[in-house]
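Everything below concerns the one structure shown next.
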Amino acid sequence: VPHTLSREARSLMAADISVRLPIRAPQSDLRTLEDLESEGIETTRVTETVSMASSGSHIPVLISVKGADLKRYPFYGALKLDPASTQLDDKSVAVSDDLLLRLGIDLGDSIRVGRSELRVAARVASEPDRMTTGFTLGPRVLFTREGLAGTGIITDISRVTERVLLKLPENQDLPALRARLESAFGKRANITDYTQTNPSLTRALDRSTRFLSMVSLIALIVGGLGDGATMQSHLRQKMTNIAFMKCVGGRAGQITGIYVAQAVMIGILGG
């Protein structure tokens, strides 16, 4: 697993470096991004928040909103939509399958988010960075940045997460750039680069590995207890045979050897 994460790190992040901000990017941050662009570093922003979507008379559904510049996002990996030829604009969105089911709609129908009526143009088949975005509260709705701005749900007081994705030129010094970003954004940003294989994902996989190891150990203990109970029941049924063998001259060592061999065979089969 660590080797796979390391090999696919760029695709899992969709970038070389990800800067996660728990607020809407202020003008000072935008100027920092402009400076990076002037040095040949490609940047794009992904805005994530939650809102409500409705369609007709159906009860509104809590949704996980994602807005991105689809001409640049993602830098690595692939965003797959169905139909694959779909081109989103400011009046259309792509949604996950569960939203179609919950609202009882099909591709081509409309949903309302904020003050906008938007056409459902495609479903989201896969996102390269979905595993690294953490827990989401509802079905995914993917917007263009223009479409998201038109809904009016993003304001200066909105609860949003802004991810700045950076793609570095070949000769860029990654540690030096990371130190520069940490200096510019300070403690308010969570900065991750592809060499870290995404800390949150790695922690989750480590916890899963420990959990599965514990389950395996418990299964081994339960299996051992089952083998012991099976052998005990077997010996109780054979008490008459053991008594007969003793009567006809069987030695204790011989009898013990016979049933130890049987116990080993049961243990091997149980294992």
- request: Would you check if there is a residue in the stretch 54-77 being among the β-branched types (Val, Ile, Thr) and closer than 24 Å to Arg180 by Cβ?
  value: no
message: With the requirement that a residue be open to solvent by less than 40 Å² (accessible area, probe 1.4 Å), under 23 Å from Ser18 (Cα atoms) and among the hydrophobic types (A, V, I, L, M, F, W, C), what does the stretch 94-134 give you?
response: Val124
message: Would you confirm whether or not the stretch 195-206 contains a residue that is assigned to a helix (DSSP H, G or I) and modelled with pLDDT of 80 or more?
response: no
- prompt: In the stretch 78-96, is there at least one residue being modelled with pLDDT under 90 and within 19 Å of the chain's Cα centre (by Cα)?
  reply: yes
task: Please state which of the following conditions Tyr73 fails to meet, knowing it meets all the rest: (1) open to solvent by 50 Å² or more (accessible area, probe 1.4 Å); (2) of a type outside the set (Gly, Ala, Ser); (3) modelled with pLDDT of 90 or more.
output: (1)
message: Condition check: on the phi > 0 side of the Ramachandran plot and at pLDDT below 85. Does Gly134 satisfy that?
response: yes
Residue in the stretch 160-176 that is under 22 Å from the mean Cα position of the chain (by Cα) and more than 25 Å from Pro128 (Cβ to Cβ) present: no
message: Being modelled with pLDDT of 90 or more, closer than 23 Å to Leu165 by Cα, of a type in the set (A, V, I, L, M) and crowded, with 18+ Cβ neighbours inside 10 Å: is that true of Val65 here?
response: yes
- prompt: Which one of the conditions (1) among the β-branched types (Val, Ile, Thr); (2) more than 21 Å from Ile23 (Cα to Cα); (3) in contact with a Leu (Cβ under 8 Å, 6 or more places away or on another chain) does Thr144 fail to meet, given that it meets all the rest?
  reply: (2)
- prompt: In the stretch 98-115, is there at least one residue being at positive phi and in contact (Cβ under 8 Å) with a residue 60 or more places away in the chain?
  reply: yes
- prompt: Can you pull out the residues in the stretch 80-93 that are touching a Gly at 6+ places or on another chain (Cβ under 9 Å), surrounded by fewer than 20 Cβ atoms within 10 Å (Cβ to Cβ) and of a type outside the set (Ser, Thr, Tyr)?
  reply: Asp89, Asp90, Lys91
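The values are calculated or read from the model by the stated rules, or taken from the named source; none is laboratory data. What you see is a predicted model, and the numbers here were worked out from it, not measured in a lab. Please note: Cβ atoms are built from the backbone with ideal geometry, for glycine as well, and neighbour counts cover all protein chains shown. Surface areas here come from the heavy atoms of the whole protein model, side chains and all, with no ligands, DNA or RNA. Shrake-Rupley method; radii C 1.70, N 1.55, O 1.52, S 1.80 Å.
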